[in-house]
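Derivation of every value follows stated rules applied to the coordinates shown; laboratory data play no part. None of the values given here were measured: they were computed from a predicted structure. Virtual Cβ from ideal backbone geometry, glycine too; neighbours counted across all protein chains shown.
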Amino acid sequence: MAALGWITPRRRSATARSVLAGEAAAEAARKTATAEEFGAGTPDIPEPEFPVAGDPLAAAFFDLDNTVMQGAALFHFGRGLYKRKFFTTRELGRFAWQQAWFRMAGVEDPAHMEDARNSALSIVQGHQVSELMEIGEEIYDEYMAGRIWPGTRALAQAHLDAGQKVWLVTAAPVETATIIARRLGLTGALGTVAESVDGVYTGRLVGEPLHGPSKAEAVRALATAEGLELSRCAAYSDSANDIPMLSIVGHPYAINPDARLRKYARTNGWRLRDYRTARKAAKVGIPAAAGVGAIAGGAAAAVALQRRRR
């Protein structure tokens, strides 16, 4: 910590939370990843021309929302929970207001984010982890399976075929991310870790949401635990928020990039892949959901969905 002496107490606290969140995500990912459980999977489209060497010191890290899957995982998860009556009308209204504030402000104010995070965690507080995992499996089949980008899926398969491990890295709850990774035949997932005691959610996070710098910390922690060399690894994302993660690997890729990431990638000579029709950004989900890093984003999106149907 001596190297952080120049940082203000507030920034030092934020850095410590990012490191804690990253380490927690890496530990959770390694506990759930086994070769027997995850397998290799089979792509539905031909493998693309892609330079992946059979290197045991290399791995690939994929962001989830709008990189691997169209839209936000929290949006789809929120739809499923709303369908199962996890939320009251009052809670839905509060989440909608919080998300509307994030969208209008265009910044992640710490006080508002903490309020939204606490509201979201209160939803799962007292629920069994196994219950949410079971529901998550159903929600994947209902809302997510048909939204995987075939092009990105083929890129991940290229790494797997070369004998490399492939991890999702997302602000979504680690339980949801693990389900998606398993269904896609990937190695495992790094996600936001909600605290649980004896298999029951406490309503608190371990560290902070796995977002922005926390993703880079999680990748570093996992690489250390797995004996990987980051200079040989690849990372993929659609968002400029993930520049910290993309910058620590030797092979960064911008997939379906937002405007900021596209500009940054071009400036720095990063490779780009765009699987959207007419380069049109996917609008499913709410961008701030990743910043909240909890189920509130999905709940608010569910409200918007219901309003569009009226």
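Please rank K85, K165, K215, K263, fewest neighbouring Cβ atoms within 10 Å first, as an exposure proxy. Don't jump to the answer; show the numbers that get you there.
Numbers: K85 7, K165 21, K215 31, K263 13.
By the 10 Å Cβ count, ascending: K85, K263, K165, K215.
Multiply the residue gap between A162 and H127 by 0.36 nm, knock off their C-alpha separation, and tell me the result in nm, one decimal place. Present the calculation step by step, with values, prior to reporting the outcome.
On the way: separation 35, 0.36 × 35 = 12.60 nm, distance 4.00 nm.
Fully extending the segment from A162 to H127 adds 8.6 nm.
As a footprinting exposure proxy, order F75, F62 by other Cβ within 10 Å, with the fewest listed first. Present the calculation step by step, with values, prior to reporting the outcome.
Working: F75 24, F62 27.
Fewest to most other Cβ atoms nearby, the residues stand as F75, F62.
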